[in-house]
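Engineer: Here's a structure for you.
Laboratory data are not the source of any read-out in this text; all were calculated from the coordinates shown. Remember, predicted model here, so these are calculated numbers, not experimental data. Note: ideal-geometry Cβ built from the backbone for every residue, glycine included; neighbour counts use all protein chains shown.
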Amino acid sequence: MKCMSIGSTLENVSRVALGCMRIESLTDKQADEYVGTALECGYNFFDHADIYGGGRCEEIFGGVLSRNKGLRDKIFIQTKCSIKQGEYDFSYEHIVSSVDASLKRLCTDHIDVLLLHRPDLLMEPTEVARAFDELYSSGKVKEFGVSNHNPMQIELLKKSVKQRLCINQLQLSVTNASMISSGACVNTAFDGGVVRDGYVRDYCRLNDITIQPWSPLQYGFFEGTFIDNEKFPELNQVLGELADKYGITKTGVAIAWLLRLPEKMQPVVGTTNLARIREISNAADIELERSEWYRLYRAAGHVLP
Ligand SMILES: NC(=O)c1ccc[n+]([C@@H]2O[C@H](COP(=O)([O-])OP(=O)(O)OC[C@H]3O[C@@H](n4cnc5c(N)ncnc54)[C@H](OP(=O)(O)O)[C@@H]3O)[C@@H](O)[C@H]2O)c1
């Protein structure tokens, strides 16, 4: 799999990351196979959050690290904090205690990237800065970023936070692409022209913030995958044609569509199916032609004025 760099220190990071939100019911043996298969295919970046499986997903992954000595040095681990039952919390106490709990569950002494999961509507940037300073100086966290943040929220954090914010993890797939379509439908009355995110795509590119598309194979808000879904006949027709052309699967083509974006995004895929982990890794080695990228975009229902 091709690699990329992220932030100031993350080099040779796999172009596709594996999201660990759905691993809570894996047995130890299945978890070892899941991580082992991922490594064989070239994935080396794993995305977590304190809330996935109520902490169980980090614990299961920590088990894999404990059983496989030397593995920790070969991979990047990202986790997130801020979501609590019914609220979001960027307080100093919550950020620091959440990271300590994640480190314990993950059986590691450091996290490569910490993301603020969703913007706390009561955020105090100075509190975040104090927490980040402590986590950085103690070596517990190497790099920082955000998730589901708009440009102004990032600017507000940057008023106080000294560390670079190198990642913004956002929902994006060929069917959920309002951050892309708003760029095509500027100043039109088409639905695609509605800016829902404060121009986050342009902002991240201008500021060297890597976008990590989450749920890259889902439509709606976790409604299911659009792959082989009868609600998306035209999209599946084009995905199938391109899959045949490149000798990969439709799932792979859907990921290749994201990888073709020039700013180099890092999609976070959530499958726990070993065959799909393999087939997605093949996508990282192909590059869709411009006309193919646009064909998929239109087949997903987006309008070009
Ligand atoms: N920052 C945030 O707010 C946020 C929110 C949500 C998720 N995330 C991160 O993003 C990661 C990915 O999210 P996601 O799991 O929703 O992403 P996804 O990769 O779009 O979806 C994965 C799901 O789709 C199924 N699937 C994939 N391809 C399929 C196919 N060809 N046919 C049938 N089913 C298929 C998978 O089932 P199988 O396992 O059976 O393949 C799995 O249940 C998460 O693990 C998490 O790390 C972040």
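Engineer: Taking amide hydrogens as modeled 1.01 Å from N in the peptide plane, which residues meet the under 5 Å criterion relative to Gln212, leaving out close sequence neighbours?
Structural biologist: Asn168, Gln169, Leu170, Gln266
Engineer: Let me ask something additional. Got a sec? How would Lys162, Lys80 order by Cβ neighbour count within 10 Å, fewest to most?
Structural biologist: Lys162, Lys80
Engineer: What value does the chain have for Rg/Rh, both radii from Cα atoms and Rh as Kirkwood defines it? Write down the numbers at each step before the final one.
Structural biologist: Values: Rg = 19.0 Å, Rh = 19.8 Å.
Taking Rg over the Kirkwood Rh, I get 0.96.
Engineer: A further question on this structure: Take the chain, connect every pair of alpha-carbon atoms lying under 10 Å apart with a spring to form a Gaussian network, then pick out the residue of Gln30, Gln237, Gln85 with the largest mean-square fluctuation.
Structural biologist: Checking each option, the largest mean-square fluctuation is seen for Gln85.
Engineer: Mind sorting His110, His48, His302 by how few other Cβ atoms lie within 10 Å of their own Cβ, fewest first? Kindly include the intermediate steps, with their values, before the conclusion.
Structural biologist: Values: His110 15, His48 25, His302 20.
If I rank by nearby Cβ atoms, fewest first, I get His110, His302, His48.
Engineer: Rounded to the nearest 0.05, what FRET efficiency is calculated for Leu71 and Lys264 with R0 set to 30 Å and r the Cβ-Cβ distance?
Structural biologist: Details: r = 26 Å, r/R0 = 0.87.
That pair, Leu71 with Lys264, gives E of 0.70.
Engineer: Zone of Phe190 (label point 7 Å along Cα→Cβ, backbone N under 17 Å): which residues in the stretch 231-267?
Structural biologist: 235
Engineer: What is the stretch 1-107 by shape, rounded, prolate or oblate, if you read a ≥ b ≥ c off the alpha carbon gyration tensor as root eigenvalues and call it rounded for a/c under 1.5, prolate for a/b larger than b/c, and oblate otherwise?
Structural biologist: In terms of gyration-tensor shape, oblate.
Engineer: Using just the helices of the chain, give the 222 nm mean residue ellipticity in deg cm²/dmol: DSSP H runs with n ≥ 4 each add -39,500 (n - 2.57), and the total is spread over all residues, rounded to 500.
Structural biologist: Calculated from helices alone, the mean residue ellipticity at 222 nm is -12000 deg cm²/dmol.
Engineer: Based on other C-beta atoms within 10 Å, arrange Trp257, Trp293 from fewest to most.
Structural biologist: Fewest to most other Cβ atoms nearby, the residues stand as Trp293, Trp257.
Engineer: Hey, rough spin-label estimate for Tyr136 and Lys158, points 7 angstrom out along Cα→Cβ, what's it come to in nanometres?
Structural biologist: Label at Tyr136, label at Lys158, 1.4 nm between them.
Engineer: For Asp244 and Glu87, calculate 0.36 nm times their separation in residues minus their Cα-Cα distance, and state this gained length in nm to one decimal.
Structural biologist: Net length gain for the segment: 51.9 nm.
Engineer: Over the chain, with a Gaussian network built from C-alpha contacts below 10 Å, which listed residue (Asn187, Asn176, Asn68) shows the highest mean-square fluctuation?
Structural biologist: Asn187
Engineer: Could I ask something else about it? For the stretch 211-278 and the stretch 79-101, what is the separation of their C-alpha centers, rounded to whole Å?
Structural biologist: Each part reduced to its Cα centre gives a spacing of 31 Å.
Engineer: With label points built 7 Å along Cα→Cβ from the Cα atoms of Ser8 and Asp109, find their separation and express it in nm.
Structural biologist: 2.2 nm
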